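Comments concern the structure below.
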Amino acid sequence: MLDNPYYLRDSSNMSTDPFSEILKFTNAESLVTGGFTAGGPWAIRFPAPDKIKFFAVVKGHCWVSIEGEAAPIHFETGDVGLLTAPRSFVLSSAPDVEPLDAMALFSGAGRSTTQLGDGQDFAHIGGHVLLDPVGGRLLKDVLPAWIHVPAASAQATAFRWLLDQLVEERAGDLPGAQLATAQLAQLLFIQILRAHLQTSDHMPAGWLRALADPRIAPALRLMHGEPGRSWHLEDLARTCAMSRTSFANHFRAVAGVPPLTYLAEWRMRLAERALREEETPVAAIAGSLGYTSESAFSNAFKRMTGNSPQKFRNAAQKGPRENPSSRSRDTDAMRTA
């Protein structure tokens, strides 16, 4: 059974941070996996990652050449990168240096750091982000192939502190260092996403852009805080201090769907998670998400995902590869940008 799920809690205790709710939904977990120091001419080729990859320049500068990009990108001390696409990439002191294979350099049990060349003019730290194989697509599908956050960004102070703490924890080998490093890496990932949200004017319409829009933020907090409530367009518009028409038009422009469609799709994501992870009866899930009957919920669920709740649950129990959510309709705006 669902043990006090967050969408059933008393409204006074509910989160009013939709972005945090979505990150929790994806089960995002960040880990620092290694790093290296280098001096003189050097270059390393990393294979295409099967997870979201992040890396940062702790000292010095380098060039980052990403498969599929026309030109290499220059990274300075404090710059951070996030690679979400399965593309190989090269870190180098100069773009014309012949790269070594990272798999060979870091091979061996427990080997997560290495030294290249002479000296320590450059220092790098990297890791990856684990996502739920199903729910994680909600985030991964709306991020660009790569994100570069320069040290001169508005979040520079936070990035510098996080990087310094990561280096200190890894070097100190103190009790609790593994957990502290994981928590710092998680904060680093959140800061990268926050920096990306600052560029929301250039994002395509979708839920990520919607979360960055201050005009509709009050409505999103209501919908994510109480997804089971019967929200009306007038209520949502009023909380945003906008007319019904202006609110509906602006919401659709930034989110890509009307407000109540957004709400319905978020309810379906919550329903999918409950069906995957719990044994709660379908009727109870339906009631918790504001549906007046199990049949009304089942019809809405099948219309949006292409499968009945029970069929979805049966397939989900066999593993994510057979999960029918992977075949959800293309109109699912909670997954597409």
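No lab work stands behind these numbers, since they all come straight from the coordinates. Quick caveat, the model's predicted, so the values are computed rather than measured. Backbone-built Cβ (ideal geometry, glycine too); neighbour counts: all protein chains shown.
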TODO: Express in whole angstrom the spacing between the alpha-carbon centres of region 46-114 and region 205-224.
DONE: 34 Å
- [ ] Summarise the long-distance tail of P(r) for region 82-155 by giving the % of C-alpha pairs beyond 17 Å.
- [x] 64 percent
- [ ] Kindly list the residues of region 301-315 that lie in the label zone of THR280, defined by a backbone N under 14 Å from the point 7 Å along the Cα-to-C-beta vector.
- [x] none
Open item on the list: Can you compute the equivalent ellipsoid semi-axes for region 127-237, i.e. the square root of 5 times each eigenvalue of the Cα gyration tensor, sorted largest first and rounded to whole Å?
Closed with: 32, 18, 14
Open item on the list: Greater than 26 Å separation of Cα atoms is the criterion. Which listed pairs, LYS24/LYS59; LYS140/LYS302; LYS51/LYS302; LYS140/LYS318; LYS51/LYS318; LYS51/LYS311, meet it?
Closed with: LYS24/LYS59; LYS51/LYS302; LYS51/LYS311
Task: Residues ALA48 and ALA104, FRET efficiency given R0 of 22 Å [Cβ-Cβ distance, rounded to 0.05] - done: 0.85
Task: More than 12 Å apart - percent of Cα-Cα pairs taken over region 262-310 - done: 56 percent
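How many Å³ per residue does the convex hull of the Cα positions in the chain occupy?
Convex hull volume per residue, Cα atoms: 159 Å³.
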Task: Label-to-label distance, nm, for residues given as THR113 and THR292 (7 Å Cα→Cβ offset) - done: 6.4 nm
TODO: Just grab the label-to-label distance for SER243 and ASP173, each label 7 Å out from Cα along the Cβ direction, in nm (one decimal).
DONE: 6.9 nm
Open item on the list: For region 25-198, what does the convex hull of the Cα positions come to per residue, in cubic angstrom?
Closed with: 119 Å³
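Taking K and R as +1 and D and E as -1, what net charge do the other residues with C-beta under 12 Å from the C-beta of GLY290 add up to?
Summing Lys/Arg as +1 and Asp/Glu as -1 gives +1.
Between Rg and the Kirkwood Rh of region 207-292, both from Cα atoms, what is the Rg to Rh ratio?
On the way: Rg = 13.7 Å, Rh = 13.4 Å.
Value, to two decimals: 1.02.
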